[in-house]
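Mind looking over this structure? Questions follow.
The values are calculated or read from the model by the stated rules, or taken from the named source; none is laboratory data. Fair warning: this is a prediction, and the values are worked out from it, not measured in the lab. Every residue, glycine as well, gets a Cβ built from its backbone with ideal geometry; the counts of neighbours run over all protein chains shown.
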């Protein structure tokens with residue numbers, strides 16, 4: 001079994017700097033994708049001869065959710081969004097959904113969830129609970145399941161079905177997905193962005 005994180009890198013980075021226990025969880029992942037275009041933009045300014053681009057969670061989700069030879073399990077997200085996903089003709093039919101109650105990550109019945117996962121035997125397990133909750137969930141469920149790649153994938157399903165827009169325009173590697181998220185979820189996203197901006201100078205020293 002492997003663990004991977006595809007969530008927005010600015011949220012992961014800010015939480016890594018604020019929370020050392022969360023940092024250990026991220027570093028213990030099998031691998032992480034740096035899908036934040038802001039990081040690509042900064043690196044392009046610093047290393048002018050290179051060309052960095054972000055490859056984000058929604059794009060990875062799209063690439064694999066359409067493969068018919070892969071069995072998928074989506075954990076989180078609404079039943080309405082999942083039903084819309086299932087109705088799309090390009091999507092694999094080997095796909096299951098587990099909608100969780102709105103609880104703190106420590107309150108889930110992990111044994112019951114693990115039994116469901118082990119019964120379905122998915123290849124890819126997309127955990128869509130948002131950062132940092134989904135990484136904490138993955139850390140708690142990891143030792144209880146028998147197979148599958150656990151992927152922290154944020155709102156990837158919502159992007160795929162068109163509820164959120166995945167920007168393709170890029171300016172020196174910088175995309176503006178965060179802006180559309182801020183417009184659609186101002187309260188939630190403004191808190192996250194502010195948290196990131198407070199720690200941003202420290203992040204710059206690490207690049």
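Considering (1) more than 18 Å from residue 160 (Cβ to Cβ); (2) in contact (Cβ under 8 Å) with a residue 40 or more places away in the chain; (3) in contact with a strand residue (DSSP E or B) (Cβ under 9 Å, 6 or more places away or on another chain), say which one residue 147 fails and leave the rest.
Going through the list (1) more than 18 Å from residue 160 (Cβ to Cβ); (2) in contact (Cβ under 8 Å) with a residue 40 or more places away in the chain; (3) in contact with a strand residue (DSSP E or B) (Cβ under 9 Å, 6 or more places away or on another chain), residue 147 breaks only (3).
Here's another thing I want to ask about it. Limited to region 70-80, what total is found for residues that are crowded, with 20+ Cβ neighbours inside 10 Å and either part of a helix (DSSP H, G or I) or out of contact with any helix residue (DSSP H, G or I) (no Cβ under 8 Å at 6 or more places or on another chain) (or both)?
Summing the residues that are crowded, with 20+ Cβ neighbours inside 10 Å and either part of a helix (DSSP H, G or I) or out of contact with any helix residue (DSSP H, G or I) (no Cβ under 8 Å at 6 or more places or on another chain) (or both) in region 70-80 gives 0.
Spot the failing condition for residue 89; the list is (1) assigned to a loop (DSSP other than H, G, I, E, B); (2) on the phi < 0 side of the Ramachandran plot; (3) touching a residue at least 24 places away in the same chain (Cβ under 8 Å), and only one is missed.
(3)
Let's see how each residue does on (1) under 28 Å from residue 122 (Cβ atoms); (2) loosely packed, with under 14 Cβ neighbours inside 10 Å; (3) at pLDDT below 70:
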| residue | (1), (2), (3) |
| --- | --- |
| 4 | yes, no, yes |
| 8 | yes, no, yes |
| 11 | yes, no, yes |
| 33 | yes, no, yes |
| 37 | no, no, no |
| 41 | no, no, no |
| 44 | no, no, no |
| 50 | no, yes, no |
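Further, regarding this structure: Which members of region 103-118 meet the condition of being surrounded by 11 or more Cβ atoms within 10 Å (Cβ to Cβ), part of a helix (DSSP H, G or I) and out of contact with any helix residue (DSSP H, G or I) (no Cβ under 9 Å at 6 or more places or on another chain)?
116, the sole residue that qualifies.
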